[in-house]
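S.K.: Here it is, the structure, as structure tokens.
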Amino acid sequence: MEFLNEVKEGFIQAVKSCFDTDLNSGEVLINETRKEFKGDFTFVIFPLVKKLKKSPAEIGDMLGHWLVENLNEVVGFETIQGFLNLTLSDEFWIRVLRQINSTADYGSFPANGQKVLVEFASPNTNKPLHLGHIRNILLGWSCSKILKANGFDVKNVQVINDRGIAICKSMLAWQKFGNHHTPQSAGVKGDHFVGSFYVKFEQAFVEEYKIFQQSDAGQKLYQSEGNGKSPEVFFKEFKNQYFNQYSTLGAAAKEMLIKWEQGDPDTIVLWKMMNSWVYEGFNATYDQMGVSFDALYYESETYLLGKKAIESGLNKGIFYKEPDGSVWINLEDVGMDRKILLRSDGTSVYITQDIGTAQQRYEDFGVEKMIYTVADEQDYHFKVLFEILKRLEEPFADGLYHLSYGMVDLPSGRMKSREGTVVDADDLMQEVIEEARSVSAERGEIAALPQSEQDEILRKIGLAALKFFIIKVQPRKRMIFDPKESVDMQGQTGPYIQNAYVRIQSVMRKASSFDTTLTDEYTTLSEFEKTLIRNIMQMPDVIREAGKTYDPSILANYAYNLAKEYHRFYHEVRILNAETDAARAFRTTLSENTGKVLLKVFDLLGMEMPERM
């Protein structure tokens, strides 16, 4: 906390004066005083006990008296065990607000000269973006904005998974069931249109499998390989094997994949056409969510990357080759297992292309850090990837981080893409906007505004409800998203924070113009005012911590606490009809700066503020 630098320096001087002992600033631990104790900030004096060979109480009392006598900022103290709690002067808090008010882009840090790449979204082109993607996108986007505020030069990228058997399933289903329809002719958004054929393929496959199970061939197979299992258990376990060995649809999908890999012109034309429909749909969703990318990497272009790295690793003895020609790495010495890098036929696996893609990104951007926003199901994959890149001595290997997050469920349970039970991102965004509309209709506070203005306000409220509800949860935790709960105006929600901001804008409109110089005449603060200043004073440290830990939930919860304190301040303290002009000017300035902080934090989290609601 840079505002406390003078107090920290005073503490160092006090130790020198009282005990003839030198400390450096890194040895001084200062925190906010816990609410159950009297004071504003607390110095931890336990580390001094051994050095000074005195009791905590004796050390605390001597330092406290020295600080009260010699430092204008300190007006009182209390020693509790190994903690020195200091009460700071009203003049200190007034000076803090004055400094915040005069600081341009308060909370942001200067450029640090470091480049960082953040990967997020990374969808498949066989289905639309869904609730799980929303959490991924919100985490990646907010982290990128927080890192920019911390002074990093940030590049946002995504890997688009545009090849493989799943994509071929959608393509085959369109050929069989599409009747030459397009998203335009069907009146359906492109990614939803293509995703419906992925579901149709699964439905057709399930029907085909049922027929097989009841056929003579199926019954004969069960009798010979059932091993005492019930038909239900056996055929459930046999499903993937059936797809690969017996299924007509499976064979057709695999044949299409082979044609794609061989560059068959008709297959490539179909693939490009259907992917273009999906990209148009994705871009509309990204626009609605307010996110953008600096570069796109396509798996159809990256799946061959990494082979040169494997050859280099073989030459250096990092990798080894089995008699069948496959290439492996042994990571048992660091608690992992053996990992295949090239199959015996020379084809790549996922981690091979991830190695090559990382190298390509470094070549493209020269970044020191790469952040991968990927669900926790891939934790082990990234441990392996990062270890391999370290052994290859890549210059960026020490700057790799897996932003791992838990899955998102609905109150109704888990979602399944193939069965069509996922919640599409577009549908979910529309649902929370309609929830906001329903709540707004009950309150009636924007009913007099033009419909277009109402719609824009409700869009901001609905999307903030969705985004905040997801971002406020620490990334690694699994979570349940409840659309109705997300728009609660009294809960820990985005609309609750927006309401504090809107309340501040109402104060500012009513205040119109005021003489800010009068704030210098205000000298006696209430606890509500000091608490609010203390909260807005914390923002730079919170932004730094959220960037350091890649955890936007820290910033989200800070915004909620600040909004809560402002609502309390608003109800307990007279602002526009304050007892003096100086008090009115000071409290209006305090309100204005609280609003600026809430606005900035919401922007860093990828959310917007309405002026009215």
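The values are calculated or read from the model by the stated rules, or taken from the named source; none is laboratory data. Computed from a prediction, not measured in an experiment: that's the story for all the values here. Virtual Cβ from ideal backbone geometry, glycine too; neighbours counted across all protein chains shown.
S.K.: Out of the stretch 452-490, which residues are of a type outside the set (S, T, N, Q), surrounded by 14 or more Cβ atoms within 10 Å (Cβ to Cβ) and assigned to a loop (DSSP other than H, G, I, E, B)?
M.R.: Lys472, Val473, Pro475, Phe481, Val487, Asp488, Met489 - these are the residues of the stretch 452-490 that are of a type outside the set (S, T, N, Q), surrounded by 14 or more Cβ atoms within 10 Å (Cβ to Cβ) and assigned to a loop (DSSP other than H, G, I, E, B).
S.K.: Can you give me the number of residues within the stretch 291-325 that are crowded, with 17+ Cβ neighbours inside 10 Å, more than 24 Å from Ser122 (Cα to Cα) and not β-branched (Val, Ile, Thr)?
M.R.: Within the stretch 291-325, residues that are crowded, with 17+ Cβ neighbours inside 10 Å, more than 24 Å from Ser122 (Cα to Cα) and not β-branched (Val, Ile, Thr) number 2.
S.K.: Determine whether the stretch 50-69 contains at least one residue that is among the acidic types (Asp, Glu), under 19 Å from Glu91 (Cα atoms) and surrounded by fewer than 16 Cβ atoms within 10 Å (Cβ to Cβ).
M.R.: Residues of the stretch 50-69 that are among the acidic types (Asp, Glu), as a first pass: 58, 61, 69.
Checking the rest, the ones that are also under 19 Å from Glu91 (Cα atoms) come to 69.
Now drop any that are not surrounded by fewer than 16 Cβ atoms within 10 Å (Cβ to Cβ), which leaves 69.
Within the stretch 50-69 (the criterion being among the acidic types (Asp, Glu), under 19 Å from Glu91 (Cα atoms) and surrounded by fewer than 16 Cβ atoms within 10 Å (Cβ to Cβ)), the answer is yes, since at least one residue qualifies.
S.K.: I've got another one for you. Condition first: loosely packed, with under 12 Cβ neighbours inside 10 Å and either small (Gly, Ala, Ser) or at positive phi (or both). Now tell me which residues in the stretch 499-529 satisfy that.
M.R.: Ser512, Ser513
S.K.: Turning to a different aspect of this structure: Please work out which residue is nearest to Ile100 (Cα to Cα), limiting yourself to the stretch 481-519 and to residues that are among the acidic types (Asp, Glu) and in contact (Cβ under 8 Å) with a residue 12 or more places away in the chain. Write out each step before concluding.
M.R.: Pass one, the stretch 481-519, residues among the acidic types (Asp, Glu): 482, 485, 488, 515.
Restricting the remaining residues to those that are in contact (Cβ under 8 Å) with a residue 12 or more places away in the chain gives 482, 485, 515.
On the way: Asp482: 37, Glu485: 35, Asp515: 17 Å.
For the stretch 481-519, the residue satisfying everything is Asp515.
S.K.: For the stretch 539-548, which positions are crowded, with 19+ Cβ neighbours inside 10 Å and in contact (Cβ under 8 Å) with a residue 60 or more places away in the chain? Can you show your working first?
M.R.: So in the stretch 539-548, the residues crowded, with 19+ Cβ neighbours inside 10 Å come out as 539-540, 542-543, 546-547.
Result: Met539, Pro540, Ile543, Ala546, Gly547.
S.K.: Pull out all pairs, ordered by first then second residue, where Cβ-Cβ is under 7 Å, the residues are six or more apart or on different chains, the first lies in the stretch 327-344 and is in contact (Cβ under 8 Å) with a residue 24 or more places away in the chain and within 15 Å of Arg391 (Cβ to Cβ), and the second is part of a loop (DSSP other than H, G, I, E, B) and not hydrophobic (A, V, I, L, M, F, W, C).
M.R.: Leu331/Asp337
S.K.: Run down Val159, Val118, Val75, Val154 and say which single residue is under 22 Å from the mean Cα position of the chain (by Cα), without any contact (Cβ under 8 Å) to a residue 40 or more places away in the chain and outside the structural domain of Met429 (by TED's automatic domain parsing).
M.R.: Numbers: Val159 fails: without any contact (Cβ under 8 Å) to a residue 40 or more places away in the chain; Val118 fails: without any contact (Cβ under 8 Å) to a residue 40 or more places away in the chain; Val75 fails: under 22 Å from the mean Cα position of the chain (by Cα).
That would be Val154, the only listed residue that is under 22 Å from the mean Cα position of the chain (by Cα), without any contact (Cβ under 8 Å) to a residue 40 or more places away in the chain and outside the structural domain of Met429 (by TED's automatic domain parsing).
S.K.: Next question, about the same structure. Within the stretch 275-290, how many residues turn out to be of a type in the set (A, V, I, L, M) and buried (at least 19 other Cβ atoms within 10 Å of the Cβ)? I'd like the intermediate steps shown before the answer.
M.R.: Step one: list which residues in the stretch 275-290 are of a type in the set (A, V, I, L, M), which gives 278, 284, 289.
If we keep only those that are buried (at least 19 other Cβ atoms within 10 Å of the Cβ) too, we end up with 278, 289.
Within the stretch 275-290, residues that are of a type in the set (A, V, I, L, M) and buried (at least 19 other Cβ atoms within 10 Å of the Cβ) number 2.
S.K.: Hey, another quick one. Examine the stretch 93-104 for a residue that is surrounded by fewer than 18 Cβ atoms within 10 Å (Cβ to Cβ), part of a helix (DSSP H, G or I) and among the aromatic types (Phe, Trp, Tyr), and state whether such a residue exists.
M.R.: Within the stretch 93-104, the subset surrounded by fewer than 18 Cβ atoms within 10 Å (Cβ to Cβ) is 95, 98-99, 101-104.
If we keep only those that are part of a helix (DSSP H, G or I) as well, we get 95, 98-99, 101.
With among the aromatic types (Phe, Trp, Tyr) added as a condition, the list becomes none.
No - not one qualifying residue is present in the stretch 93-104.
S.K.: Looking at Ala546, Ala585, can you tell me which residue is part of a helix (DSSP H, G or I), within 23 Å of the chain's Cα centre (by Cα) and more than 16 Å from Gly494 (Cα to Cα)? Write out each step before concluding.
M.R.: On the way: Ala585 fails: within 23 Å of the chain's Cα centre (by Cα).
Exactly one residue qualifies, and that residue is Ala546.
S.K.: In the set Asp482, Asp515, Asp520, which member is within 20 Å of the chain's Cα centre (by Cα) and over 13 Å from Met607 (Cβ atoms)?
M.R.: Values: Asp515 fails: within 20 Å of the chain's Cα centre (by Cα); Asp520 fails: within 20 Å of the chain's Cα centre (by Cα).
One residue alone meets the criteria, Asp482.
Quick grid of which residues meet (1) of a type outside the set (Val, Ile, Thr); (2) closer than 30 Å to Met171 by Cβ:
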| site | (1), (2) |
| --- | --- |
| Asp264 | yes, yes |
| Leu270 | yes, yes |
| Val278 | no, yes |
| Ala284 | yes, yes |
| Val291 | no, yes |
| Ala295 | yes, yes |
| Asp337 | yes, no |
| Gly346 | yes, yes |
